[in-house]
C-alpha cells in the first residue's frame, strides 16, 4: 500500500485529504508544519509528499529543499493558492514533482497523486536482472537465461554506467520499461530523478508543454508559467516511451535537447541549460518510419548510440518455465497465498504454445489460472481455461477441482489451527470478491450486484479482509 504524507497547517484540509486518500486505498500520514514533515520523512520514507508552501515556521520551499537532501528521488507535490504560484514554480524548478492550485479539482488531484506514486515506484522498485530463482526474485525482474537474454544483460551492464543515449527496441509487452529502469538503476544517476513520459498516452497538443513547459500567455489558458518534465528532471534521467509515435515538430525539439543540452519553454525566449540522460523505447520499425518521412533521420541516429533489443517470448521458449515460476511466486504473494507450484503437464503445455503474444500475456495467463486455484499445483485444465481453450473433459475437470479442494481442506484440518472454518471461508470469500472487482473494473456497486450482496455488505467485507482496490472506482460509483 503506497504511503502519502500530507504536510499542511490547516487541520481541516489534512483531515479531508486523509479521508479522500484512505478511500482510494492509500496509507495516509499527516504533519502540521514543514519541520514536522521533514521529521516524518526521516522516520519513515513515504512514497509521495503533498505539501503546502505557506506554513508557520519554515516555508514549504525550505522544507522541500531539506527533504530533497534526505531523498532526491522523493516525489513532492506542492499545494498553493493563486497568489503564491511563483513559489510553487520555483519548487518545481528545483525538482518538485508538480503543484496543484487551491481550491482543488479532486479527480485531477487524485490522478496527479496516482502518477506521482507510479513515478516513485519507477525510481525505487529495483529491477532484478537475470534473476532465475523465483523464490528470491524481486517484484520487478527481467527473467531469462537464453542466449539472447544473456546478451541483453551484458549490454545493460556496459551501457548503464555511461551517459550515452539508449534506444530500447521490442514488441509491445516484452518489458522495455523494465530494461530502461534497469539501465537507470545501474547508472551514475541512480540517486537522481527518473521520469517516464509515454508519447502515446499524452495527446499531441499537451505533449510539448508536458515535456518543455510554457510561459504565461503562450497559448489560450496558459495563465502562468509551467516547468516541463525535462527541466524538472535536471541531472536525472528521462524515459521517452513509444518515441516512434512522437510528432515531428516535437522530434525536432528532442534533437536540439540531445545536441545542445538545453530547452526553451513554449512562448519563452530564455534558453535553459539542462543535464539529462535520455532513454527511449519503441515498438515501431524506425528505419521504415524514416523512409516514410514519419521519423527524423538525424534524431534516429542520435537515439541509437546504444541499442538494446528485448526479444519476444516466441524467440526464447526455453525461458517460459522460469517465467511461469516467477509469475506464480509473485502473484501468489500479491494475493496472500502460498505458491502452489505448477504441474509438469501444465508447464509442458505452456512451453509448447506458439506464444504470438508477449511476456505480459504469459503473466496474465498465469494470474487468471491462479485466481481460482485451490491450493493444488496449477493444472492443465486451469491453464487451458485461462487461455480460453476448451477443457479436455468438463466432468473430469470438476472432479479434479473437487479433489483438489478436498486435499486442501484435509491439509488444513491436520494443522490443528483454531478458527479454521472462519479462516477458510474468509480465504475463499476474499478470492471471490477480488475476482468480482476485477470483472467490474473496480466498480464496487456493480461487484455487489454481481455477487448478490448489498453495497454496504460488500464494503464491510472489503474492510474486514483489508483488501486494496487496485482499479480506480468509476465516478458513478462514488
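Tabulated data
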{"quantity": "Tally of residues being surrounded by fewer than 19 Cβ atoms within 10 Å (Cβ to Cβ) and in contact (Cβ under 8 Å) with a residue 40 or more places away in the chain across segment 17-32", "calculated": "3"}
{"quantity": "Qualifying residue in segment 225-233 (condition: more than 14 Å from residue 303 (Cβ to Cβ), modelled with pLDDT of 90 or more and in a strand (DSSP E or B))", "calculated": "no"}
{"quantity": "Residue 57 being at positive phi and either surrounded by fewer than 21 Cβ atoms within 10 Å (Cβ to Cβ) or in contact with a strand residue (DSSP E or B) (Cβ under 6 Å, 6 or more places away or on another chain) (or both)", "calculated": "yes"}
{"quantity": "Residue 437 vs. criteria more than 28 Å from residue 3 (Cβ to Cβ) and at pLDDT 80 or above", "calculated": "no"}
{"quantity": "Matching residues in segment 245-263 - criterion: being part of a loop (DSSP other than H, G, I, E, B) and surrounded by fewer than 19 Cβ atoms within 10 Å (Cβ to Cβ)", "calculated": "247, 261"}
{"quantity": "Hey, residue 202 within 19 Å of residue 241 (Cβ to Cβ) and under 14 Å from the mean Cα position of the chain (by Cα) or not", "calculated": "no"}
{"quantity": "Verdict on residue 321 being within 30 Å of residue 370 (Cα to Cα) and either without any contact (Cβ under 8 Å) to a residue 60 or more places away in the chain or assigned to a loop (DSSP other than H, G, I, E, B) (or both)", "calculated": "yes"}
{"quantity": "Flag if residue 299 is part of a helix (DSSP H, G or I) and assigned by TED's automatic domain parsing to the domain that holds residue 155", "calculated": "yes"}
{"quantity": "Residue 334 vs. criteria under 27 Å from the mean Cα position of the chain (by Cα), without any contact (Cβ under 8 Å) to a residue 12 or more places away in the chain and under 17 Å from residue 360 (Cα atoms)", "calculated": "yes"}
{"quantity": "Candidates 312, 273 - the one that is within 28 Å of the chain's Cα centre (by Cα) and either in the same structural domain as residue 204 (by TED's automatic domain parsing) or surrounded by 17 or more Cβ atoms within 10 Å (Cβ to Cβ) (or both)", "calculated": "312"}
{"quantity": "Test: residue in segment 33-42 that is under 19 Å from the mean Cα position of the chain (by Cα), over 23 Å from residue 86 (Cβ atoms) and buried (at least 17 other Cβ atoms within 10 Å of the Cβ)", "calculated": "no"}
{"quantity": "Criterion: in contact (Cβ under 8 Å) with a residue 60 or more places away in the chain and under 24 Å from residue 297 (Cα atoms) - qualifying residue of 201, 180", "calculated": "180"}
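Table: residues versus (1) under 27 Å from residue 229 (Cβ atoms); (2) modelled with pLDDT of 90 or more; (3) assigned by TED's automatic domain parsing to the domain that holds residue 193.
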| site | (1), (2), (3) |
| --- | --- |
| 19 | no, yes, no |
| 33 | no, yes, no |
| 60 | yes, no, no |
| 66 | yes, yes, no |
| 70 | yes, yes, no |
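Each row is one residue, and each column tells you yes or no for (1) at pLDDT 85 or above; (2) surrounded by fewer than 19 Cβ atoms within 10 Å (Cβ to Cβ); (3) assigned by TED's automatic domain parsing to the domain that holds residue 319; (4) closer than 16 Å to residue 175 by Cβ.
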site: 330; (1), (2), (3), (4): yes, no, yes, yes
site: 339; (1), (2), (3), (4): yes, yes, yes, no
site: 344; (1), (2), (3), (4): yes, yes, yes, no
site: 347; (1), (2), (3), (4): yes, no, yes, no
site: 351; (1), (2), (3), (4): yes, yes, yes, no
site: 361; (1), (2), (3), (4): yes, yes, yes, yes
site: 364; (1), (2), (3), (4): yes, yes, yes, yes
site: 369; (1), (2), (3), (4): yes, no, yes, no
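The values are calculated or read from the model by the stated rules, or taken from the named source; none is laboratory data. Please read all numbers here as calculations on a predicted model, not as lab measurements. Note that we place each Cβ from the backbone using ideal geometry, even for glycine, and neighbour counts take in every protein chain shown.
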